Every structure is written in C-alpha cells, then in structure tokens.
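The values are calculated or read from the model by the stated rules, or taken from the named source; none is laboratory data. For clarity, every value in this text was computed on a predicted model and none was experimentally measured. No Cβ is skipped: glycine too gets one built from the backbone with ideal geometry, and neighbour counts run over all protein chains shown. Ligands, DNA and RNA are excluded from the accessible area calculation, which covers all protein heavy atoms including side chains. Shrake-Rupley method; radii C 1.70, N 1.55, O 1.52, S 1.80 Å.
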Amino acid sequence: MNILDKTYYYFIGAGGIGMSALERFFLSLGKNVVGYDKTQTELTSQLILEGINIHFEDNIDLIPDGITKENTLVIYTPAVPKDHLELNYFLTNDFKVMKRSEVLGEITRHTYNIGVAGTHGKTTTSSILGHILKVANVECTAFLGGIAENYDSNIILNGSKYTVAEADEFDRSFLKLSPKLAIITSDDADHLDIYGERDEVKKSFQEFGAIVEEKLFVRKGLEFNNAYTYGVDADADYNAYNVRIIEGHYVFDVKTPNGSLKDVGILLPGYHNMENAVGALAVADYMGVPHEKIREALSTFIGVKRRFNRFEINDKIYIDDYAHHPTELDAAIRSVRELYPGKKVLGVFQPHLFTRTRDFADDFAKSLSKLDSLILLDIYPARELPIEGITSNFLLEKVDLQEKLVSSLDNSLNEIKKQDFDVLLTVGAGNIDTIVKPIKKWLSEA
C-alpha cells in the first residue's frame, strides 16, 4: 500500500498536536482531510479555517458521504478509547486503520529521516533543527509536537528529501521510525502507566538508539554507545563554552569534532534551551549546513508556543509553559529564578494524568516548593479514569509552602487576582492554556 494514494484521510483525535501536523501534511498534498475530536479548541478552529472538516460528536452519521474503504485511510491516536463508535465502525467495515506513529513512519521511511526523541526537550529541539534546515533551504519537512512561533504551525514544509520527526516515546511510538540520524535529549522516567518501571523507559530509548542507521547524538551524561555527545560546559563532542549574556540573551562558542563556531546567539531563555540549541546545531553541522546559516537560524528562532512564552504586561511578568514532568517543571522554575532574582513568583500548575501525579508526587512537590506561592489546579485526566486517593489535595499536602491552595480551572483566574506576585507562571499540559488569554487581558486592564 502506498500511503499517499488515498483520496480521504480520516483522523480520530484530529485536535492532537501530533495528529494535526499530519493533517496539514496531507492537506498540502491536495487531499481531503476530515475527522473527529472530543473537544473544540483554538487549534481545531484553526484547522477548520485551513480547510479540514472536523466534527465534535462521536456519531457515525457524521462521517461524510463518499468515504469508502477503498478511498480512505483512517488514522487514530492511542488516546482514543476502545469503545469509540466511529473507530469501531471503520474497524468493523474493513477500512485501512493505522496509528499516527505508523503513518508518520511510512511517510518518513523513504526520506533521510532525523528523529528527535526525549522525555522532555524534543519539541523545542526538533523545532530549532527544522528552522535551521529551512533557513539553509534544505529540502526538508519537519513534523513537530508544538506550534513553532516562526511559522505559526507544527509543520515546516520545504521539500521531501529530508524529514525531521519528533519521536514520541509514548506507547513506544518512536520505534516505528527509520531514522538515519537521531537526537536523544533525555531518557527520564515517564509514562509509567505504559512502561511499568523506570528501567523499561531507559530500555525503550536504548532500542530507539539501536535503530538509528547512521549517527546518534545524545545530551552529555546519557549512556549510549557510539554516539556524539552535546552539552554546555560539559566536555562534550559538541560543547558550548564561553557562555555570556548580552542584551538579555545567551551568546556562546561551540567546540565541534572538526573545529568551532564562535559567537552563537539564541533568543530563548533557560540553560536547558541552550542544550537544546546545541543538540540541533550538532546535527546541522554534521549534515554540512554552513555555519553562517546555523548562526542566522539560531539568532532568529523565537520559540514554540507554550514553551516558556514570556509576556511583560504593565508591571508584571507572565510566563506560560507546557511543563508536565518534574524535570521540566524544575527547569521552568529555575529559569524564572535565573531571569528574575528576588522577585515573588506565583505558580499555577495543572497536574496531567492521575498516574503521573501518583508516580512522581514527591518530585513534583520538591519542584513546586521552589515557588513563593502556588495555586494547584485539579488533575487533568486526559485518557484516564480517577485513581482513589490521587487528587490535587494529596499533592498539595506534600508541597512545602505556606501560601498554597487548590482551585478548579474555572475559578483559577479569580484566585490569581487575589494573590500578590511579581512573576506569574502557568504550567501544565492539559487545558490550562485556555486561561492564558483571560490572564493577559486581566493584566493589561489592571
């Protein structure tokens, strides 16, 4: 089967960030893209404006006329429940049905594929690399797990000789790829509802590293064989050094296996983003991208939506971030402290998944205790059912702060308005992003 031969591409879970990148890809080929999602969001509204037909009721009567098993490929995400009516209709009627990861694997299989993996850092790193290759006019399509601000999209289209694909460890999806090159940013424990044990997560990343055909790049400190390492002041193969801050931004030099790059500047805050930039730089350098193009791209990359987005409104600083793992949360808070020493920081955190909250409760509490005050939102369940005893109150009791409380998302802005703060940090991977615009509006009117 040639995956590009169909007339219709039907997405179940069409509003997912990874799914929507595929939707935009097929749309760019002139295909008919349709589908279902549970919830209407800013992203689904944008996709509809772009010409993708999405409905929000699980109802087989809403499947458009003209869709047959001969002319349609059905693509779904593992987050879709097994009793989903439309998915079971397609399965029962012998449609070709594939997981998102399988489709991405097929699209990229006959290209020079670069996979970017990691329990955190992969979206920013893949977006930076996609931007470098675009600036260098490399014939490449990049499939991203977030909205790159430079393109206002999660796909960068510039030809099909090369592909950059964010390689997702959830459900071991990244093992469906056939990468020539790959980056691994981190292999911390996560998705223990899938993997069971922390060692199984690391084992899965080792399996991913083993399928890389040509060269693997890993952050210094990760234990992989036959890989280039990258890092900041880390004695790595690609090592950033002489780090300084000029006009509020990082500037550094990079030692490479064959030379060096001087005066590399990035706009993104945070030590972890320096590491991400060096990882992307390493692959671009290995591919032979001219150094002046690498410098130009890094100096013009403005970030990924919900990845430490900063707003200065009146006399307040507001930062929104996607962090939903303790390591990510720690990096976000550390970056705030680095940028705004001595300022009072209010954090609003929405835990994501009951299992993740249970498995990492002590680590979350340790990170959250580094704030000055905390509003902890109800746990966002995503695909899960509640677990007895695992609540936001359970987590709150572990947080070592005097100023702390639990709130619903709907009431969170009212609670924020009562607090005294210099810096407001909202973090989480659920639907906490729905309060970003109301917060900005309130701050601008205050």
Practice task
Within the stretch 38-50, work out how many residues are open to solvent by less than 60 Å² (accessible area, probe 1.4 Å) and at pLDDT 95 or above.
Solution key: 1
Exercise for the section: Mind counting the residues in the stretch 87-140 that are within 15 Å of I155 (Cα to Cα), within 14 Å of the chain's Cα centre (by Cα), hydroxyl-bearing (S, T, Y) and modelled with pLDDT under 95? Expected result: 2
Practice task
For the stretch 51-72, state whether one or more residues are in contact with a His (Cβ under 9 Å, 6 or more places away or on another chain) and charged (D, E, K, R).
Solution key: yes
Handout entry: Failed item, numbered, when Y318 is tested on (1) in a helix (DSSP H, G or I); (2) in contact with a Lys or Arg (Cβ under 8 Å, 6 or more places away or on another chain); (3) under 27 Å from N154 (Cβ atoms)
Key = (1)
Practice task
Kindly indicate whether I294 is of a type in the set (V, I, T) and open to solvent by less than 10 Å² (accessible area, probe 1.4 Å).
Solution key: yes
Practice task
Say whether the condition of being within 25 Å of V34 (Cβ to Cβ), open to solvent by less than 10 Å² (accessible area, probe 1.4 Å) and not hydroxyl-bearing (S, T, Y) is met by at least one residue in the stretch 126-142.
Solution key: yes
Handout entry: Hey, S260 among the polar types (S, T, N, Q) and not in a strand (DSSP E or B) or not
Key = no
Practice task
Have a look at L157, L177, L216 and point out the one that is open to solvent by 20 Å² or more (accessible area, probe 1.4 Å) and under 22 Å from the mean Cα position of the chain (by Cα).
Solution key: L157
Exercise for the section: Please state which of the following conditions K69 fails to meet, knowing it meets all the rest: (1) basic (K, R); (2) surrounded by fewer than 17 Cβ atoms within 10 Å (Cβ to Cβ); (3) part of a helix (DSSP H, G or I). Expected result: (3)
Problem - Residue satisfying condition, being over 21 Å from the mean Cα position of the chain (by Cα) and surrounded by 19 or more Cβ atoms within 10 Å (Cβ to Cβ), within set L329, L353, L346 - result: L346
Exercise for the section: Name the single residue, out of those in the stretch 400-446 being open to solvent by 80 Å² or more (accessible area, probe 1.4 Å) and part of a loop (DSSP other than H, G, I, E, B), that is nearest to V304 (Cα to Cα). Expected result: D410
Problem - Unmet requirement for L27, which otherwise passes all of (1) open to solvent by less than 40 Å² (accessible area, probe 1.4 Å); (2) within 26 Å of V164 (Cβ to Cβ) - result: (1)
Practice task
Would you check if I147 is in contact with a helix residue (DSSP H, G or I) (Cβ under 7 Å, 6 or more places away or on another chain), open to solvent by less than 40 Å² (accessible area, probe 1.4 Å), of a type in the set (V, I, T) and modelled with pLDDT of 90 or more?
Solution key: no
Problem - Index of the failed condition, F311 passing every other in (1) touching a residue at least 60 places away in the same chain (Cβ under 8 Å); (2) surrounded by fewer than 22 Cβ atoms within 10 Å (Cβ to Cβ); (3) in a loop (DSSP other than H, G, I, E, B) - result: (3)
